[in-house]
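Student: Below is a structure I'd like to ask you about.
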Amino acid sequence: MISAAIIVFRETLEAALILGIIAAATVGVTGRARWLTAGVLAGIAGSLVVASLTEQIANLAEGMGQELFNALVLGVVVLMLAWHNIWMARHGATLARDARQLGRDVQAGAKALPILFVVIALAVLREGSETALFLYGMSLGGQHDAWAIVNGAGMGLAAGAAAGLALYLGFLRIPTRWFFVVTSGLILFLAAAMASQVANLLIQSDLLPSLAAPLWDTSGLLSNDSAVGLLLQTLVGYDANPAGMQVIFYVATAALILLGMRLARQKPAPVGSPH
Amino acid sequence: MSVFKASVFFAALVSSVAVAAPPEVHVVIKDHRFTPSEVKVPAGQKIRLIVDNQDATPEEFESHELNREKVIAGKSKATIYIGPLEPGRYPFFGEFNEATAQGVVVAE
């Protein structure tokens, strides 16, 4: 039961934190609850499909289908997060003034919702498909009774959801003028972290050179499987021993999004002024 | 399912690229254990690690030290490229059965 709880927690954590950040970034936007819920449900449905197709996906591309599929999913999420941040930066001045009521006055937030729906659905799909597969395998194994598995999975899910909720509630305490900076900053890190994962998947399938692996090793200081390491890995892409290529992807993604946000900010938003 | 279609296309593109084969190393998963549990590989070069999951249940090959993670369906094989590695010990485990599925890659 404990192993089910731990694995489900680990898989849920990443999706829950992403959901927490996005829920915070869209505080006050009308209709967000519906979009975010739909994203989670679509993600769960997709997880079951992907989990049932694991073997077929894996066999694509001479056994590298899983890496390519995950890289593709993550790549789409990175693009969507970049788009969201640049879009929001365009409305930065208005957002900074009344961040908490942006939904009422600025349509930008509502327009970004379909993008965020996709981000959430794909984040849930990626983590959810592994969870579904694990639970399926556990139930096949036959050494565990069904109730123990369900209980364990429920505990893990609850703990992961609690972490996402805690992050969200923490966000709500941030002073209004910092709110936009913090949420868009975290989305920027999230996108860069995922880009670095894309690089790692392509290295694992031998489509990209690693360029020095690892570039550094800080696993003695903070290992990737420690609680803090796991949290930082999800939030900002901390890696104790990254390949050079991962660092290049990380830095390039962060730099490109920042550049896009800066360029977008210089042009005032054409969208209707408040009131 | 356009994501799926796109990945099929991408897959076809990739499989047409010929790659010089690095040395192969084999590991078997049976009864949620790795055999051999200690895998010796040459240091300083890329390795094709082939993991044959003979169990009916899926397993996830994972190693923080090797920076690798891959789900392997029941009764199937997976290829994972690792290295070039510095001489040393690189533990790995099966995330879905961590209590029993433990192993280490030794590069020398």
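Student: Ranked highest first by the average count of other Cβ atoms within 10 Å around their residues, in what order do B:98-108, A:235-245, B:35-45 fall?
Tutor: A:235-245, B:98-108, B:35-45
Student: Now for a different question. Kirkwood Rh over Cα pairs of the protein assembly as shown into Stokes-Einstein at 4 °C, 1.567 mPa s: D in µm²/s?
Tutor: Reported coefficient: 60 µm²/s.
Student: Still on this structure: Please list the radius of gyration and Dmax for segment A:128-253, considering alpha-carbon atoms only, with Å as the unit.
Tutor: 18.2, 55
Student: Work out from phi, with θ = phi - 60° and the Karplus expression 6.51 cos²θ - 1.76 cosθ + 1.60, the ³J(HN,Hα) of each residue of segment A:62-68, listed in order in whole Hz, and give x for Gly and Pro.
Tutor: Result, ordered by residue: 6, x, 9, x, 4, 4, 5 Hz.
Student: Okay, moving on. Measure out, as a whole number of angstrom, how far apart the alpha-carbon centroids of segment A:22-49 and segment A:126-183 sit.
Tutor: Computed from Cα coordinates, the inter-centre distance equals 15 Å.
Student: Counting only residues 5 or more places away or on other chains, whose amide H sits under 5 Å from the amide H of B:His26 once H atoms are built in the peptide plane?
Tutor: B:Ile50
Student: Further, regarding this structure: Taking amide hydrogens as modeled 1.01 Å from N in the peptide plane, which residues meet the under 5 Å criterion relative to A:Leu215, leaving out close sequence neighbours?
Tutor: It is A:Ala243, A:Gly244, by chain and number.
Student: Taking the alpha carbon gyration tensor of segment B:24-107, what are the square roots of 5 times its eigenvalues, largest first, to the nearest whole Å?
Tutor: In descending order the semi-axes read 20, 12, 11 Å.
Student: In segment A:1-264, if the dipole is taken from +1 on Lys/Arg beta carbons and -1 on Asp/Glu beta carbons about the Cα centre, which of A:Tyr168, A:Val118, A:Leu157 is farthest to the positive end?
Tutor: A:Tyr168
Student: Right, another one. Take every Cα pair under 8 Å in segment A:1-264 that's 6+ residues apart, average their separations, divide by the length, and report that relative contact order as a whole percent.
Tutor: It comes to 32 percent, rounded to a whole number.
Student: Follow-up. Return the value, in Å² to the nearest 100, of accessible area buried between chains B and A (probe 1.4 Å, both sides summed).
Tutor: 3200
Student: Related question: What list of ³J(HN,Hα) couplings, whole Hz, do you get for segment A:147-158 from phi and the Karplus terms 6.51, -1.76, 1.60, once you set θ to phi - 60° and write x for glycine and proline?
Tutor: Karplus-based 3J(HN,Hα) across segment A:147-158 equals 5, 4, 5, 4, 4, x, 4, x, 5, x, 5, 4 Hz.
Student: Still on this structure, please answer the following. Taking only DSSP H segments of four or more residues, each worth -39500 (n - 2.57), what value at 222 nm results for chain A once the sum is divided by all its residues, to the nearest 500 deg cm²/dmol?
Tutor: -26500 deg cm²/dmol
Student: If you don't mind, there's one more thing I want to ask. Residue-wise, which Karplus ³J(HN,Hα) couplings in Hz belong to segment B:72-81, taking 6.51 cos²θ - 1.76 cosθ + 1.60, θ = phi - 60°, and x for glycine or proline?
Tutor: 10, 5, x, 6, 8, 10, 9, 10, 10, 7
Student: Under a Cβ-Cβ cut-off of 14 Å, what is the net charge of the residues other than A:Val124 that fall near it, where Lys and Arg count +1 and Asp and Glu count -1?
Tutor: Net of charged neighbours comes to -3.
Student: Then there's this: Taking every residue in A:205-214, how many Cβ atoms of other protein chains lie within 10 Å of its Cβ, on average?
Tutor: What the average comes to for A:205-214 is 4.
Student: Taking H as built 1.01 Å from N, whose amide H comes closer than 5 Å to the amide H of A:Ala240, not counting residues under 5 places away?
Tutor: A:Asn224
Student: Once you keep just the Cα pairs under 8 angstrom separated by 6 or more residues, what percentage relative contact order results for segment B:24-107?
Tutor: About 34 percent, as a whole number.
The values are calculated or read from the model by the stated rules, or taken from the named source; none is laboratory data. Quick caveat, the model's predicted, so the values are computed rather than measured. Neighbour counts are summed over all protein chains in view; Cβ atoms, including those assigned to glycine, are modelled from backbone coordinates with ideal geometry. The accessibility values were calculated without ligands, DNA or RNA, using every heavy atom of the protein model including side chains. Shrake-Rupley method; radii C 1.70, N 1.55, O 1.52, S 1.80 Å.
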